[in-house]
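**Q** Here it is, the structure, as structure tokens.
What follows is calculated from the coordinates using simple rules that are stated; it is not laboratory data. Note that the structure is a prediction, hence the values are computed from the model and not measured. Note that we place each Cβ from the backbone using ideal geometry, even for glycine, and neighbour counts take in every protein chain shown.
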Amino acid sequence: MPSRKGKMDRYLTTAEVAEPYRTAASTVRYWRHQGYGPRGVKVGRRVLYSEAELARFDRQLLEQGPRQWGWAA
């Protein structure tokens, strides 16, 4: 799917998404089940995540900040 700049977004698997968040693929699948985390696209039996969607989720996490989880800032 072309992005606004005319480039193709790279799509990552659930396991590839889990790596930068230092979590297991099963956690990413649980996030999806709960409606949390980056939005995936179902392609056949697989769920893929665009890099643009991961960037959006990262921005969301930064905006929410540590207070959402009860951590001291």
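**Q** Which order do peptides 24-34, 9-19 fall in by mean Cβ count within 10 Å, highest first?
**A** 9-19, 24-34
**Q** Around Gly40, what is the net charge, scoring Lys/Arg as +1 and Asp/Glu as -1 over all other residues with Cβ under 11 Å from its Cβ?
**A** So the surrounding residues net to +4.
**Q** If I model a spin label as a point 7 Å beyond the Cα along the Cα-Cβ vector, how far apart are those points for Met8 and Gln64 in nm?
**A** Between Met8 and Gln64, the label points sit 3.2 nm apart.
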